[in-house]
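First up is the structure itself, then whatever we jot down about it.
The values are calculated or read from the model by the stated rules, or taken from the named source; none is laboratory data. What you see is a predicted model; the values in this text were computed from it and never measured. Quick reminder, even Gly has a Cβ in these numbers, built from the backbone with ideal geometry, and neighbours come from all protein chains shown.
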Amino acid sequence: MKSTLPPLPDAESGPLSDATFVPPPSAVVAAPFDQLPLPAPVIANLARLGYHAMTPIQAASLPVALAGHDLIAQAKTGSGKTAAFALALLDRLNPRSFAVQALVLCPTRELAEQVTQEIRRLARAEENIKILSLCGGTPIRPQADSLEHGAHIVVGTPGRLMDHISRGSLKLDALLTLVLDEADRMLDMGFFDDIAYVAKACPKERQTLLFSATYPEGVVRLARQFMRQPQEISLPEQHAAETIRQRFYEVTPEQRLHAVGLLLRHYRPESTLAFCNTKQQCRDLIDVLHAEGFHVLALHGELDQRDRDQVLVQFANRSCSVLVATDVAARGLDIARLEAVINVDVTPDPEVHVHRIGRTGRAGEEGWALSLASPHDMNRVSNLARAHGFEPRWESIDALQAEDRTPLVPPMVTLQILGGRKDKIRPGDVLGALTGEAGFAASQIGKINVNEQSTYVAVERSIARKALKRLGDGKIKGRKVRVRLLDE
Ligand code: ADP
Ligand code: MG
């Protein structure tokens, strides 16, 4: 375990950072993980996960973080920031000490869950590392009980962590690493005071890592107050332009919603996030796409947490082609493998535009960012182009009208099993039930999500009915379970 920390700065108001690191283009070329001072089992585990080379933000920040420095890292969504801090905090951890040694703050429950899962995967090289996720929206007592049993790493939202600290259920005396993930979004959501409360409850001798997609004034303030001589790493957005292909289509207001279907049938993306500026536009678009036979779901503010989880599971496991959302509803959403983002309406805010299209073209894969603009929107488009320094490339929607394409059908269907973590169901049990007696091939089974009350399993569309019947007739963990098909 390393314990070398850089000295404290002389004055609180000293220079924020001693280095701004922008990697030269050569650093963007794949760098292997084994050039880092990491133990061999960790490297082997990364290879098992399919992480063969560092992403640019990992290559730039891991050497700094592993050396024990405080760090401010700015890079777009989907660039691999989680592993950049997770590998560092895991490296400092002592598994034999049952005390919270790392704390990760995330803006939303979903992000906290994702970060928890990613850390779990990365921690597999080491036995018995306990990671707890503590977020609002669920009862606090069971969380406090889990904390009693000991955890090495806690991931959570600022408000709930603050609650646990103030009730004394979360003790931070042994903390080594504090991570502020998506700092800009946490500030957007009004968490400054909560973050400050949590940071003040941490020991002074610690490493603080701050990750953010943008670098607004509030983040600078946070860093000044709670970090010591942080090194700054910033990856320019130009990286995005390489993997995101933007196209603009001029439409009349009457054509707009119908044009979305034309784009979907033309580009045939497996997963598309469609952004509307208003809730009403979302509702109208859903109606139009449903009528045209697409598999669509909506993400809106009125969904309760369970329905929201269900929607996100179906989208992420590829049993729904299109997710329609407003910017507010999509906040905190992170889904790998998005082939396309459609801006059904052009946003007036260039920052929002970048956030939207940043959801596609993840981790080196290419993605489409398609925007529909009516003559009325032309000012907005030129604003975006000016703000981000690109020349909009226009295509004609009329050329797509003539195409006769088969409907776009998602490859998978989701089965919901009424039973989850509380029934001790694990993904392996479900996979076993489907590939064992039921006789399906593992390749026909997709993502398996086990939630507290429910389990969701994606299966190939062609075997959906049979899988539903066989799961319903068979047993999981020695018990009969109720299963239903989720298909909008
Ligand atoms: P961010 O926090 O920057 O938005 P994530 O940490 O969520 O990005 O990573 C985005 C996706 O890339 C995840 O699915 C993650 O598993 C994957 N990923 C991260 N690092 C690597 C890597 N070195 N090689 C391959 N995939 C990676
Ligand atoms: Mg992240």
Note to self: Of everything in the stretch 284-296, what is among the charged types (D, E, K, R) and modelled with pLDDT of 95 or more? Give them in sequence order.
What the structure shows: Asp284, Asp287
Checklist line | Asp334 acidic (Asp, Glu) and at pLDDT 85 or above | finding: no
Notebook entry, point to check: Does Thr77 qualify as being in contact (Cβ under 8 Å) with a residue 12 or more places away in the chain, within 11 Å of ligand 2 (Cβ to nearest atom) and within 27 Å of Ile233 (Cα to Cα)?
Noted result: yes
Next item on the list: State which residue is farthest from ligand 2 (Cβ to nearest atom) when the search covers only the stretch 191-211 and only residues that are under 10 Å from Phe226 (Cβ atoms) and assigned to a strand (DSSP E or B).
Entry: Thr208
Checklist line | Among the candidates Arg124, Arg167, residue that is over 12 Å from Ala102 (Cβ atoms), surrounded by fewer than 21 Cβ atoms within 10 Å (Cβ to Cβ) and at pLDDT 95 or above | finding: Arg167
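For every residue, the table says whether it meets (1) crowded, with 18+ Cβ neighbours inside 10 Å; (2) more than 18 Å from Ser271 (Cβ to Cβ); (3) at pLDDT below 95; (4) not assigned by TED's automatic domain parsing to the domain that holds Thr138.
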{"position": "Arg405", "(1), (2), (3), (4)": "no, no, yes, yes"}
{"position": "Ile425", "(1), (2), (3), (4)": "yes, yes, yes, yes"}
{"position": "Ala433", "(1), (2), (3), (4)": "yes, yes, yes, yes"}
{"position": "Gly436", "(1), (2), (3), (4)": "no, yes, yes, yes"}
{"position": "Phe440", "(1), (2), (3), (4)": "yes, yes, yes, yes"}
{"position": "Ser443", "(1), (2), (3), (4)": "no, yes, yes, yes"}
{"position": "Gly446", "(1), (2), (3), (4)": "yes, no, yes, yes"}
Notebook entry, point to check: Which residues, taken from the stretch 107-135, are within 12 Å of ligand 2 (Cβ to nearest atom) and of a type in the set (A, V, I, L, M)?
Noted result: Leu111, Ala112, Val115, Ile119
Check: Is the stretch 98-106 home to any residue that is within 23 Å of the chain's Cα centre (by Cα), away from ligand 2 (no atom under 16 Å from the Cβ) and farther than 28 Å from Pro216 by Cβ?
Finding: no
Note to self: Just to confirm my filter: which strands (runs of 3 or more DSSP E) fall fully inside the stretch 369-488 and include at least 2 residues that are small (Gly, Ala, Ser) and under 25 Å from Ser321 (Cα atoms)?
What the structure shows: none
Note to self: Restricting to the stretch 297-331, give me the number of residues that are at pLDDT below 80 and assigned to a strand (DSSP E or B).
What the structure shows: 0
Note to self: Checking the structure you have, find out if any residue of the stretch 152-167 is away from ligand 2 (no atom under 16 Å from the Cβ), assigned to a helix (DSSP H, G or I) and either more than 19 Å from Pro107 (Cα to Cα) or polar (S, T, N, Q) (or both).
What the structure shows: yes
